[in-house]
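Contents: one structure, followed by commentary.
The values are calculated or read from the model by the stated rules, or taken from the named source; none is laboratory data. Because the structure is predicted, anything quoted here is derived from the model rather than measured. Neighbour counts are summed over all protein chains in view; Cβ atoms, including those assigned to glycine, are modelled from backbone coordinates with ideal geometry. To get the accessible areas, we keep the full protein, side chains included, count just its heavy atoms, and leave off ligands, DNA and RNA. Shrake-Rupley method; radii C 1.70, N 1.55, O 1.52, S 1.80 Å.
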Amino acid sequence: MDYRKEFPIFKNRDSHYLDTAATSQKPKRVLDKIMEYYEKYNGNPGRGSHTLSMEASNLMANARKTVQKFINAKYDKEVIFTKNTTESINLIAYSYGIEFINENDEIILGVSNHHANIVPWQFVAEKKNAKIKFVYLTENGQFDIEDFKSKLSDKTKLVAVSAVVNVTGVIQPIKEIIEITRNRNKNALVLVDAAQSMLHFRHDVQDFDADFLVFSGHKLFTPMGIGVMYGKKELLEKMPPFLYGGDMIEFVTEQKSTFAQLPNKFEGGTQNVEGAVTLEEAINFIEEISYEKINEIENSLTKNALEKLKKLDFVETYFTKDVEHTGIIAFNVKNVHSHDVAFILDSYDVAVRSGHHCAQPLMNYLGIPSCCRASFSIYNNEEDIDKLIEGLLKVKEVFGL
Ligand code: PMP
């Protein structure tokens with residue numbers, strides 16, 4: 001099946017889009033859901049007893065149940081809608097971090113975490129006089145379990161890691177990280193950043209035993225502006241609200257308020273109903289295609305691209321060997337800045353990400369200022385790879401390499 005046909009952007013633009021890790025393109029059936037929602041259902045959920053408002057509430061509830069099933073959460077109220085991964089992590093930082101992390105407590109982060117999973121913890125650490133410890137990488141780019149074991153202690157309050165590294169696509173040993181944490185310190189929580197992994201493998205939060213799991217819809221075929229924060233019910237129940245205002249309260253008097261039950265407690269203000277509806281549709285789309293098929297396509301494209309890149313001696317790739325990977329290749333053209341490479345590739349309609357990828361600690365660790373990243377999805381094909389190679393040969397020519 002040619003999945004590219006399902007994505008209208010490719011009818012309108014001649015793009016060799018290799019930047020799915022930044023944001024995915026959107027299939028027509030997901031885009032159609034936005035129109036359907038506004039043409040048939042629009043009302044403010046939870047704000048009235050009229051039919052349209054109640055239908056909007058029902059759509060949110062159904063979408064929540066679909067996400068619950070998708071990640072195998074025990075309760076639908078453990079699924080909180082946010083606007084993206086960043087907001088989900090901030091919710092946890094403000095609500096769990098500021099409330100429960102105290103002086104001399106320790107927060108363990110992966111050096112390859114995205115800034116979204118570093119900066120909120122620096123904020124918490126500074127406010128609460130807690131310490132941040134980083135876990136570095138093995139030779140093949142994975143979270144170093146031995147280094148982790150040496151840093152995990154009775155003082156650890158939180159371990160926050162990405163399931164897949166956004167720069168390199170390396171899959172992290174999440175289950176092992178959680179197991180080790182549980183065995184060493186019953187009070188430490190684990191936050192899994194699934195922003196890059198959700199499109200690549202099934203996340204069973206009960207099987208992982210993750211305390212928190214966060215992701216963005218836009219990286220799995222939905223429009224921007226919808227994300228998820230999963231948390232275990234018993235944790236969410238003891239955490240204070242994050243956004244205060246309408247719809248997250250039980251009773252409000254002039255001086256005091258009491259707060260709604262889950263999930264509303266964490267969903268202050270008018271919600272992104274169309275986002276939730278599109279997330280449900282995107283999940284159905286992924287389930288119909290199947291993770292097996294998605295991986296088959298991505299793996300085949302990544303393997304072919306790597307074979308072709310290997311023949312270019314002026315190109316250096318990072319962590320592409322002997323490690324489990326999603327469809328991401330991080331690379332540099334030797335002695336050329338990644339922005340210059342991306343600029344020339346763009347003249348061939350090849351879209352790759354360049355820069356530090358919101359992962360400056362990783363860049364420092366690798367001793368490089370920046371790199372390019374090509375990421376593949378179900379709508380890519382061999383022509384995209386050939387154009388990438390053609391563009392890179394042009395870079396060689398322009399820079400006289
Ligand atoms: N974590 C990871 C691993 C990511 O790749 C990204 C997006 N690049 C984020 C967090 C932040 O996602 P968002 O910008 O959608 O909040």
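Observations
- About the Cα centre, charge dipole magnitude for the range 99-171 (Lys/Arg +1, Asp/Glu -1 at Cβ), debye: 140 debye
- Shape category assigned to the range 50-130 from the gyration tensor of Cα positions, a/c cut at 1.5: prolate
- Taken about its Cα centre, the range 302-401 carries a charge dipole of roughly 260 debye when the Cβ of each Lys and Arg holds +1 and the Cβ of each Asp and Glu holds -1.
- Charged side chains reduced to their Cβ positions (Lys and Arg at +1, Asp and Glu at -1) give the chain a dipole of some 500 debye around its Cα centre.
- Contact order for the chain, expressed relative to its length and based on alpha carbon pairs under 8 Å spaced 6+ residues apart, stands at 22 percent.
- Using the 1.4 Å probe convention, the accessible area of the range 326-401 works out to 40 Å² per residue with neighbouring protein chains retained.
- Surface/4 estimate of mean projected area, convex hull on alpha-carbon atoms of the range 296-401, nm²: 6.5 nm²
- Across the options Phe376, Leu279, Leu91, the greatest Cα extent toward the positive end of the charge dipole of the chain (unit charges at beta carbon of Lys, Arg, Asp, Glu) belongs to Leu91.
- Near Val273: Cβ cut-off under 15 Å, other residues only, Lys/Arg at +1 and Asp/Glu at -1. The net charge is -2.
- For the range 29-286, the solvent-accessible area of protein heavy atoms averages 41 Å² per residue (probe radius 1.4 Å; ligands and nucleic acids excluded).
- Cα-Cα over 25 Å, subset of Lys175/Lys321; Lys155/Lys321; Lys149/Lys293; Lys33/Lys83; Lys334/Lys387: Lys155/Lys321; Lys149/Lys293
- For the range 1-63 and the range 151-228, distance of Cα centres in Å: 26 Å
- Counted over the chain, the DSSP beta bridges are approximately 55% antiparallel.
- Helices meeting the span-like rule in the chain (full DSSP H runs, Cα extent of at least 20 Å along the helix axis, mean Kyte-Doolittle score of -1.0 or higher): 51-71, 273-289, 382-398.
- When Rg and Dmax are taken over the Cα atoms of the chain, they come to 21.8, 72 Å.
- Heavy-atom accessible surface of the range 29-286: percent carbon and sulfur, 1.4 Å: 48 percent
- Each of Thr253, Phe148, Tyr75 was placed along the dipole of the chain (beta-carbon charges, centred on the mean Cα), and the one lying farthest toward the positive end is Thr253.
- For the range 358-401 versus the range 313-357, the inter-centroid distance based on Cα atoms is 2 Å.
- At most 16 other Cβ within 10 Å, DSSP loop - trypsin sites (Lys or Arg not before Pro), the range 7-73: Arg13, Arg47
- When the charge dipole of the range 29-286 is built from unit charges on Cβ atoms (+1 for Lys and Arg, -1 for Asp and Glu) and taken about the Cα centre, the candidate among Met239, Pro120, Val205 whose Cα reaches farthest toward its positive end is Met239.
- The solvent-accessible area of Tyr230, taken with every protein chain present and a 1.4 Å probe, is close to 10 Å².
- Accessible-area composition of the range 292-394, carbon plus sulfur, in percent [1.4 Å probe]: 48 percent
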